[in-house]
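Q: My questions will all concern the structure given below.
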Amino acid sequence: MPRHPRPAAVAGAAVALAVLAAGPASAGDPTVTDPRVVAHFLFAEGENAENIALEPDGSADITFAGAHRVVRVTREGVRTPVASLPDVPGAQTPVGGAVALGIARAHDGTLYVTYVTGTKETGVWRVPPGGGTPEQIGFFPAGAFPNGLALDEKCGTLYTADTRLGVVWSLPVTGGEPTVWATGAALEPTGQVPFGANGVKLHDGAVWVSNTARGTLLRIPVRKDLTAGPVETRATGLDFIDDFAFTGHGDTVLAALIMSDRLELVRPDGTHKTVLTAADGLDNPTSVAVRHKTVYVNSAAFFNTLDPDPNLLLATLSKNKL
């Protein structure tokens, strides 16, 4: 979740270059159609839609970064409050104040949320099934920036990407202090962009991570002893990638490119193309989720100084067959 100014001319040039650099279209590509914004949020109240987890009925549990709350939004746009993280006096982070970021859902309805405050409250918080008062279960260093979050229920492990320190942490669902699970230059930020490892997903025996600063999508195999294998770069040229989601059982990904207002389809060979833009309703998209034939995209509108529109957009996913 980088926070840098975005001049309109630079953004337009970035989009143009991305279109020219995109790989060739494939007849087997999934298609994303019928985009529609189903809920608009209040920018002035910190309702920057940051991350998303899906309920069995298709509702979306969404973290509001600035308001540090969790809300549930139905496919029709009806919202209900789920939980509020505690106010932290004196919170200071690289993006200003305290922010609620990643979210993951267990099968029993328990929610896990990353909360960054610059204080001892930084870490993972657990929300009981049905909502209620969050409880801190993961106690991270004050200087950490745990962002995207993924849950491996089989192994009882949470993984979170540290955007500031450029590592992946692991934490037992029972709580405690986290362990650095994966490190390396591929996860780290750069001198130009101080936001590295960002989104996290578990997929096909590996932890997948996006790196915002380097514009890359990474795959880290999980060994039999649950340690991290070598980091593999699976795609490049994804400028300011935030979160992402897989379209199905294969390695095709939909990635949110926050600074250029794009949703990018990334093929297993690393080539990619734009499938949604600002014209469809994206406004600094931060996260993606996929359930069957539905794509969910959060927009946080962090950098839109003219007419910010944080929102939840839904679209239809069709998986073409060769």
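The values are calculated or read from the model by the stated rules, or taken from the named source; none is laboratory data. Note that this is a predicted model, so its numbers are computed, not measured. Here Cβ is always computed from backbone atoms with ideal geometry, including for glycine, and neighbour counts include all displayed protein chains.
Q: Anything in the range 189-204 that is in contact (Cβ under 8 Å) with a residue 12 or more places away in the chain, out of contact with any His (no Cβ under 9 Å at 6 or more places or on another chain), not in a strand (DSSP E or B) and not polar (S, T, N, Q)? List them, or say none.
A: 189, 194, 196
Q: Looking only at the range 75-105, filter to residues that are assigned to a loop (DSSP other than H, G, I, E, B) and either among the basic types (Lys, Arg) or touching a strand residue (DSSP E or B) at 6+ places or on another chain (Cβ under 6 Å) (or both); which one of those is farthest from residue 209 (Cα to Cα)? Working first, answer last.
A: Of the range 75-105, the ones assigned to a loop (DSSP other than H, G, I, E, B) are 75-78, 85-92, 94-95, 97-98.
The next check asks that each one be either among the basic types (Lys, Arg) or touching a strand residue (DSSP E or B) at 6+ places or on another chain (Cβ under 6 Å) (or both); those that pass are 75, 77, 85.
Working: 75: 27, 77: 29, 85: 26 Å.
Step by step, filter the range 75-105, then rank; the result is 77.
Q: Another one. So which residues in the range 39-90 are in contact (Cβ under 8 Å) with a residue 60 or more places away in the chain, surrounded by 18 or more Cβ atoms within 10 Å (Cβ to Cβ), of a type in the set (A, V, I, L, M, F, W, C) and over 19 Å from residue 129 (Cα atoms), if there are any at all?
A: 39, 41, 43, 49, 65
Q: Assess whether residue 243 counts as being within 30 Å of residue 303 (Cα to Cα), assigned to a strand (DSSP E or B) and acidic (Asp, Glu). Give the derivation first.
A: Numbers: within 30 Å of residue 303 (Cα to Cα): yes; assigned to a strand (DSSP E or B): yes; acidic (Asp, Glu): yes.
Yes; evaluated as a whole, the condition is true for this residue.
Q: Another question, if that's okay. Are any of the residues in the range 291-309 modelled with pLDDT of 95 or more, acidic (Asp, Glu), within 21 Å of residue 147 (Cα to Cα) and in contact with a strand residue (DSSP E or B) (Cβ under 8 Å, 6 or more places away or on another chain)?
A: No - not one qualifying residue is present in the range 291-309.
Q: Can you report the number of residues in the range 115-172 which are out of contact with any Phe, Trp or Tyr (no Cβ under 7 Å at 6 or more places or on another chain), assigned to a strand (DSSP E or B) and crowded, with 24+ Cβ neighbours inside 10 Å?
A: Count: 5.
Q: Ok, one more. Is it the case, given these coordinates, that residue 61 is in a strand (DSSP E or B) and of a type in the set (D, E, K, R)?
A: yes
Q: Restricting attention to the range 209-249, and to residues there that are surrounded by fewer than 22 Cβ atoms within 10 Å (Cβ to Cβ) and acidic (Asp, Glu), which single residue is farthest from residue 199 (Cα to Cα)?
A: 225
Q: When the range 260-292 is examined, which residues are found to be touching a helix residue (DSSP H, G or I) at 6+ places or on another chain (Cβ under 7 Å) and either surrounded by fewer than 22 Cβ atoms within 10 Å (Cβ to Cβ) or on the phi > 0 side of the Ramachandran plot (or both)?
A: Within the range 260-292, 261, 274 qualify.
Q: Hey, another quick one. Failed condition for residue 94, given (1) surrounded by 15 or more Cβ atoms within 10 Å (Cβ to Cβ); (2) modelled with pLDDT of 95 or more, with all others met?
A: Result: residue 94 passes all but (2).
Q: If you don't mind, another one. Please verify whether the range 290-313 includes one or more residues that are over 21 Å from residue 45 (Cβ atoms) and in contact with an Asp or Glu (Cβ under 7 Å, 6 or more places away or on another chain).
A: So far as the range 290-313 goes, no, none of its residues is over 21 Å from residue 45 (Cβ atoms) and in contact with an Asp or Glu (Cβ under 7 Å, 6 or more places away or on another chain).
Q: While we're on this one: Could you count how many residues in the range 295-322 are surrounded by fewer than 16 Cβ atoms within 10 Å (Cβ to Cβ) and not in a loop (DSSP other than H, G, I, E, B)? Walk me through it before giving the result.
A: Filtering the range 295-322 down to residues surrounded by fewer than 16 Cβ atoms within 10 Å (Cβ to Cβ) leaves 305-307, 316, 318-322.
Next, from what is left, pick out any that are not in a loop (DSSP other than H, G, I, E, B): 316, 318.
Selection size over the range 295-322: 2.
Q: Let me ask something else about it. Just checking, how many residues over the range 249-282 are assigned to a loop (DSSP other than H, G, I, E, B), charged (D, E, K, R) and in contact with a Leu (Cβ under 7 Å, 6 or more places away or on another chain)?
A: Count: 1.
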